[in-house]
Amino acid sequence: MIIRKGPDEVEAMGRAGAVVAAVHDVLRDALRPGMTTADLDRRAEREIHARGAVPSFKGYQGFPATACVSVNDEVVHGIPSDGTVLACGDVVKIDLGAVVDGYHGDAAVTWVVGQPPGPPVRMLIDGTYAALWAGVRAAQPGARTGDVAAAV
């Protein structure tokens, strides 16, 4: 069931999304060869708390971390580790969420460590970005989930 949100609820959802976006910006700027996926996770947790929010994922169904960090061929929901050291050219996907006033913001981004991506990775990133925006454009009042899926 979809519950229509009022202006205050929509504003709270926006604040949660803004926290997630700000933390992703910090993580993008911090991303360096030699750091671990656990370094990214610890930074994400500090940054979420510093903005007055609470991590969405930590403890959810036993998940041990604040962020899901997946490297190269790992698809999504990787568990951060001090043993996973990032190298130049690695493709890193970071998924994180934050709760503000009871509302969750959640977003995943993809970055390449330390250098511009090569042609195959650039094609993947560009293609998924285009698919995202095709889905957003298709998500209109009256549209069905299948309409969005077909656009993607």
Largest-first ranking of Met1, Met35, Met13, Met123 by accessible area, probe 1.4 Å, whole protein assembly kept, is Met1, Met123, Met13, Met35
Once phi for every residue in the range 93-110 is put through the Karplus expression 6.51 cos²θ - 1.76 cosθ + 1.60 (θ = phi - 60°), the whole-Hz ³J(HN,Hα) values, with Gly and Pro written as x, are 10, 10, 10, 8, x, 9, 10, 10, 6, x, 10, 9, x, 7, 7, 10, 10, 10
Share of accessible surface on carbon and sulfur in the range 84-147, whole %, 1.4 Å probe and ligands ignored, is 63 percent
Each label sits 7 Å from Cα toward the beta-carbon; between Ala143 and Met123 the label points are separated, in nm, by 2.7 nm
Expected vector for the range 139-152, Karplus 3J(HN,Hα) from phi with 6.51, -1.76, 1.60 and θ = phi - 60°, integer Hz, x for Gly and Pro, equals 7, 10, x, x, 6, 9, 3, x, 5, 5, 4, 5, 5, 5
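With helices defined as uninterrupted DSSP H runs, which ones in the chain have an alpha carbon span along their own long axis of at least 27 Å and mean Kyte-Doolittle hydropathy of at least 0.0? Can you show the working numbers first?
On the way: long enough: 7-30 (34 Å, 0.22); 119-138 (28 Å, 0.51).
Helices passing the filter in the chain: 7-30, 119-138.
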For the range 16-104, dividing by residue count, accessible area per residue (probe 1.4 Å) in Å² works out to 47 Å²
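In whole percent, what relative contact order does the chain give with Cα contacts below 8 Å and a gap of six or more residues? Please report the intermediate quantities before stating the final value.
Numbers: 240 pairs, mean separation 34.4, N = 152.
Relative contact order for the chain comes out at 23 percent.
Assuming R0 = 41 Å, what is the FRET efficiency of Ala150 and Gln115, from their Cβ-Cβ distance, to the nearest 0.05? Let's see the in-between values first.
Working: r = 35 Å, r/R0 = 0.86.
Once rounded, the FRET efficiency stands at 0.70.
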The range 22-36 and the range 45-72 have their Cα centres apart by a whole-number Å value of 14 Å
Non-local residues with an amide H under 5 Å from the amide H of Gly97, with H modelled 1.01 Å from N and Pro and chain starts lacking one, are Ser56, Phe57
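The values are calculated or read from the model by the stated rules, or taken from the named source; none is laboratory data. All values reported here derive from a predicted model rather than from experimental measurement. Cβ atoms come from the backbone with ideal geometry, glycine included; neighbour counts cover every protein chain shown. SASA here: full protein model, heavy atoms, side chains in, ligands and nucleic acids out. Shrake-Rupley method; radii C 1.70, N 1.55, O 1.52, S 1.80 Å.
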